[in-house]
Structures are given as structure tokens and as C-alpha cells.
Protein chains: 2
Amino acid sequence: MASEQKILLEYLKSKNRKQSKQRTEILELFLKSPRHLTANELYIQVQKHNPAIGFATVYRTLKLLCESGLCREMALEDGVTRYERQQGYEHHDHLVCTKCGKVVEVVDQTIESHQGRLFKKYGFHPQRHRMELYGICKDCVKGEKAG
Amino acid sequence: MASEQKILLEYLKSKNRKQSKQRTEILELFLKSPRHLTANELYIQVQKHNPAIGFATVYRTLKLLCESGLCREMALEDGVTRYERQQGYEHHDHLVCTKCGKVVEVVDQTIESHQGRLFKKYGFHPQRHRMELYGICKDCVKGEKAG
DNA sequence: GATAATCTTGATAAAGATTATCAATTTCAA
DNA sequence: TTGAAATTGATAATCTTTATCAAGATTATC
């Protein structure tokens, strides 16, 4: 069994909750999918595999994966929540192309440490942060000039 | 007339669009309101002043103010868009208390310059960015310890 | 294995924020 | 003053996400 399935199982046990075929299947497909997936995109994948699974279950399972630490939510500016694998990935921020929607994961230690300083400066106990950089990627800039 | 009203008027003329009492009134109340306002919060203010104005007009006017540069949208993680004055304010990011919702405007030049470096590093033409730091403010930390 | 308590599921309704529609009204250039 | 064009208010529609609930699945215990 993939280690992620084990993590989910452990989490369920620790919370006195139950395993289900649907959860196993949704996690499996989630792991196979590209990163930065919307709930609806995952639902479409799930439908192809097993049309009996409803989208409420997909939503619920994504929430569950987030609780268990396997997944994190990520809200861009279009109001649609995206989900990305968390396990085995370091913290990172996002660089987003506003033309094609491409998402690049980035991290800059100087920025990270200065964020910590801002929390301290204003007397906040730090919890988390989000940073998104919006621009036009190289390919789309080329496209603009060409076409 | 407040300079903001002039700016709106200029913008409307430049786009061959029309002035209206509603727009003037909504802008006036928007300027009086606290920063980081939701459309609904502004609508409530507008209702007190003039119950004849519908909320669709408030939404439309906020969009218009954003177009004209008087206002900018700001999306936190609760899915509700907030609007803040833009004119006369420098770029800034937000430090948000997850307990009481307090929002502090912050800016760090080192972070700003490193963001520029990230755009460059990945070959993106920069457009804008957003950064939100979530934590617990001093007052709420005290509250937690006390009660 | 059978059982019973409890959890999960799928379908659907509901919620909440925002946008679209459209007839009636208002604005403004001529 | 006038008439084309924009704006308004009410309402419906949209879109994402969450709540509800009866029916079915799971698991600890015997």
C-alpha cells in the first residue's frame, strides 16, 4: 500500500473514523493527478473511474485529506479552491501566469525570514502565510509578440 | 468636490460613460468607511443613507471604482472580496489576525525586491503580487491566556 | 460469522457571494 | 428639448461549497 494510504488509515483510526472504498479510490486518483487541482477536476477523474461516486464525497474526502496532512488548500484569485499534495513537499509559494494559468512553485529564504520579522514587528503569533506572484510566463510573452 | 469624485468623473468621461447620483453617493460613503470593506458592508451603509439604492448598484460601482484606480479588490481566505481605497495609498500587503479578523497593512522592501528577483528567475513578466500573513494578534494572544 | 452502533455515502437542497437580465428611468451631447 | 445610450433596481441565475437525511457500509464486540 502506498504510504499515503497508510497515513490516511492511521489518521482515520486515530479519530475513530472509518475506511471506505471511496476514500481509497479518491486518494489514489488524487495522487495520480497533476498538482493544483480543483475539486471539480478531481471529481471528473473520479467519474471516469467510478461513476457511482458523488461529488459531495469528493469534497468531503479532500477536506479529510487536508485534515490528515496529505493535502493543502490553495485559493487563487478566481474563487475556486485548488488542492495540492502536501506530504513530502516543503512549504512553497506560487508564481502564476495570468495568461495560461501555469503555476510554478517557488521559495525564497530571504522572503521567508523577513515574513517572520514582520510577524514579530507587529506582535503577531505567526501561523501561516500565502504569497502569490502574478505575471506572464515566458511562453505567453513570446505568444503575445508573435501573434 | 473631493479629488476622488473628480477622478471618477474623469474616468467616466474618458470611457463615454455617465455620472449618476448613486455613484456619487456610493463613492462618498466608500471614502468615509473603514478600510477592508465587503460589498455587503458598504451596501448596509448605503441603505442607511438611501434605501432606494440596490445592492447590484453597489457591486457595480465597486467594480467601477476598481477600474478607475480608486479602489482595489482584496481576497482573503474566507471567499468574501474586500475593497480598499487605492488612491493615495502605497502598495502594501496584509497581516491578518485569525481570531478577531484585524487587518494590518505592512510592507517590507527586502521582500518586495526579492519578489522581483523571483519573477526574473523564472522568466515571468511581473504584473502584481499578493501576500498575506496569518497569525494571532497581541490582544487575542492575551485573551487566550486570560480566558 | 452475526450484531448493533456508528460512520459514510449519494442525491438533493441550501447557502452565500457575485453576475446577468431586462424593463423603466436617467443622463448628456447635440 | 430631445433621443440615443447608459444606468438603475429587482430579480433570477450562476457558481462553488456545505448541510441534510435516508439508505448502505464498516467495525468492534460477542
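The values are calculated or read from the model by the stated rules, or taken from the named source; none is laboratory data. Fair warning: this is a prediction, and the values are worked out from it, not measured in the lab. So basically every Cβ, Gly included, is an ideal-geometry build from the backbone, and we count neighbours across all protein chains shown. Quick note on the areas: whole protein, heavy atoms, side chains included, nothing else; ligands and nucleic acids left out. Shrake-Rupley method; radii C 1.70, N 1.55, O 1.52, S 1.80 Å.
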Mean separation of Cα contacts under 8 Å (at least 6 apart) over the residue count of chain A, i.e. the relative contact order in percent, is 18
Rounded to the nearest 10 degrees, what's the angle between the helix A:21-32 long axis and the longest principal axis of chain A, both from Cα atoms, 0 to 90?
30
With the other protein chains left in place, how much accessible area per residue, in square angstrom, belongs to the stretch B:52-98 at a 1.4 angstrom probe?
47
Can you compute the FRET efficiency between A:Leu9 and B:Ile7 using 1/(1 + (r/R0)^6), with r the Cβ-Cβ distance and R0 = 41 Å? Round to the nearest 0.05.
0.10
How about the stretch B:131-145: which of its residues lose at least 50 Å² of accessible area in the presence of all protein chains relative to their chain isolated, using a 1.4 Å probe?
B:Leu133, B:Tyr134, B:Ile136
Heavy atoms of the protein only, probe of 1.4 Å, neighbouring chains included. What is the accessible area of B:Cys100 in Å², nearest 10?
80
Over 22 Å between Cα atoms, which of B:Lys63/B:Lys99; A:Lys99/B:Lys18; A:Lys142/B:Lys121; B:Lys6/B:Lys63; A:Lys138/B:Lys15 qualify?
B:Lys63/B:Lys99; A:Lys99/B:Lys18; A:Lys138/B:Lys15
Chain A: angle of helix A:39-49 to the longest principal axis, Cα-based, in degrees nearest 10
40
Find how much the distance from B:Thr110 to B:Thr24 grows on full extension, using 0.36 nm per residue of separation minus their present alpha carbon separation; answer in nm with one decimal.
27.0 nm
Inter-part distance where the stretch B:66-120 and the stretch A:100-137 are each reduced to a Cα centre, Å:
12
Restricting things to Cα coordinates, could you compute the convex hull volume per residue of the stretch A:93-146 in Å³?
88
Solvent-accessible area of A:Val107, probe 1.4 Å, all protein chains present, reported in Å² to the nearest ten, please.
70
In terms of the alpha carbon gyration tensor, root eigenvalues a ≥ b ≥ c, rounded if a/c is under 1.5 and otherwise prolate when a/b exceeds b/c or oblate, the protein assembly as shown is prolate
Using a Gaussian network for chain B with springs between C-alpha atoms less than 10 Å apart, which of these wobbles most: B:Asn50, B:Asn40, B:Asn16?
B:Asn16
Measuring label to label, 7 Å along Cα→Cβ, what does B:Glu77 give against each other copy in nm, shortest first?
2.0
Using a Gaussian network model of chain B whose springs link C-alpha atoms within less than 10 Å, name the residue from B:Gly135, B:Gly123, B:Gly101 with the highest mean-square fluctuation.
B:Gly123
Please check: in the Gaussian network model of chain A (C-alpha springs, under 10 Å), which one of A:His91, A:His125, A:His36 has the largest mean-square fluctuation.
A:His125
Output, in nm with one decimal and in ascending order, the distances from the A:Cys100 label point to the matching label points of the other copies (7 Å from Cα along Cα-to-Cβ).
4.7
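Computing the accessible area with a 1.4 Å probe over protein heavy atoms, can you report the carbon and sulfur percentage for the stretch A:3-85?
Here it works out to 51 percent.
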How much mean residue ellipticity at 222 nm does chain A get from its helices, if each DSSP H run of length 4 or more adds -39500 (n - 2.57) and you divide by all residues, to the nearest 500 deg cm²/dmol?
-15000 deg cm²/dmol
What is the sum of charges around A:Tyr83, taking Lys and Arg as +1, Asp and Glu as -1, for the other residues whose C-beta is under 15 Å from the C-beta of A:Tyr83?
0
Summing +1 for each Lys or Arg and -1 for each Asp or Glu, what net charge is found among the other residues whose Cβ lies under 13 Å from the Cβ of A:Thr38?
-2
Log entry, pair B-A: total buried accessible area, probe 1.4 Å, protein chains only, in Å² rounded to 100, is 3300
Using a 1.4 angstrom probe and counting only protein chains, how large is the accessible area of B:Ile7 in Å², to 10?
50
Relative to the longest principal Cα axis of chain B, at what angle does helix B:3-14 sit, 0 to 90 degrees, rounded to 10?
70
Compute the label-point distances linking B:Lys48 to its equivalents in the other copies; points lie 7 Å from Cα along Cα→Cβ; give nm, one decimal, shortest first.
5.4
State, to one decimal in nm, how far the label point of B:Glu67 lies from the label point of A:Val80, with both points 7 Å from Cα in the Cβ direction.
2.5
